[in-house]
Amino acid sequence: MLQIKNLHAGINDKEILKGINLEIKAGEVHAIMGPNGSGKSTLSAVIAGKEEFEVTEGSVVLDNLDLADLAPEERAHKGIFLSFQYPVEIPGVTVTNFIKTAVNETRKANGLEELPAKNMLKLIREKADLLELDRKFLSRSLNEGFSGGEKKRNEIFQMAMLEPKLAILDETDSGLDIDALKVVANGVNKLKNKDNAVLLITHYQRLLDYVVPDFVHVLHNGKIVKSGGKELALELEKKGYDWLK
Ligand code: ADP
Ligand code: MG
Ligand code: MG
């Protein structure tokens, strides 16, 4: 599904990613771990196409489509979803209106008609119930005054509505208490299937107790320095990152 080859990228002439190779197949969950500043968020931003980063070498290919020339919204339309480490607040735009627009724009970009209002409402309720989201939440302004846990839950709700091929969750677990962490993990577990893939970016091992990855990669100084199965995450929990530097 996603093939990253010899990816070099940076910002303002500073190289941050220094030759990343990564292949993600449909149905797989990959975790990227690594110390602060190793380039985890940069990698997710470059996959999503954030324009402040410059790709200087290598490629990112989604289902045989080279993403190099696609804008972030085009990548989103092709099925790449990136959660934010720090979701923005948008006063005056409700969760419902935001998601309606996002779903319909995605449909239009893929040659589909807008979802009739009735079906949209039904879908919103189904997904909210699946994620055990209080329906009152749907009429609130996007992220305004949301707790950390509510913001993350809302992102999982957006993911549920958009049904991306590849969901990238960048430190969706940071700052969550254990109950909120379980909600996020349950949501991800309910949404993953054989046709989609998940890239979990996390500094800590504990999220991986609940969403079990097929592969774990350690990023250090812009390179993947070690890859393994879920046991690698446990080893990192015990030994830290220093032995890999
Ligand atoms: P991580 O997510 O693993 O903590 P980041 O990808 O955020 O790492 O950062 C990797 C490196 O790139 C760090 O040294 C960071 O300071 C630098 N960096 C990230 N974003 C920018 C930016 N917008 N401008 C300058 N340097 C940046
Ligand atoms: Mg960081
Ligand atoms: Mg980061």
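Every read-out reported here was derived from the displayed coordinates using simple, explicitly stated rules and does not represent laboratory data. Predicted model only: the values in this text are computed from it and were never measured. FYI the Cβ positions are ideal-geometry reconstructions off the backbone, even for glycines, and counts take in every protein chain you see.
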Worksheet item: Please state the relative contact order of segment 95-178 as a whole percent: Cα pairs under 8 Å, 6+ residues apart?
Response: 35
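Which length gain, in nm to one decimal place, applies between LYS192 and LYS14 when the Cα-Cα distance is subtracted from 0.36 nm times their residue separation? Mind showing how you got there, number by number?
Working: separation 178, 0.36 × 178 = 64.08 nm, distance 3.57 nm.
Here the answer is 60.5 nm.
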Discussion item. Given R₀ = 25 Å, what would the calculated FRET efficiency be for TYR86 paired with ASP134, taking r from the Cβ atoms and rounding to 0.05?
Written reply: 0.65
Worksheet item: So for ARG107, ARG135, fewest C-beta neighbours within 10 Å to most, what's the order?
Response: ARG135, ARG107
Worksheet item: So for the pair ASP209, ASN21, with labels modelled 7 Å out along Cα→Cβ, what separation do we get in nm?
Response: 3.5
Worksheet item: What's the angle, to the nearest 10 degrees (0 to 90), between helix 148-162's Cα axis and the longest principal axis of the chain?
Response: 80
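Roughly what % of DSSP beta bridges within the chain run antiparallel, to the nearest 5?
Numbers: 24 of 40 bridges.
Antiparallel: roughly 60 percent of the beta bridges in the chain.
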Item to complete: Note down the nm distance, to one decimal, between modelled labels 7 Å out along Cα→Cβ at LYS50 and at GLU235.
Response: 3.0
Fill in: Contact order relative to length of segment 2-244, as percent, for alpha carbon pairs under 8 angstrom and 6 or more apart
28
Item to complete: Return VAL216, VAL103 ranked ascending by Cβ neighbour count within 10 Å, so the fewest neighbours appear first.
Response: VAL103, VAL216
Worksheet item: Got a sec? How would ASP13, ASP63 order by Cβ neighbour count within 10 Å, fewest to most?
Response: ASP13, ASP63
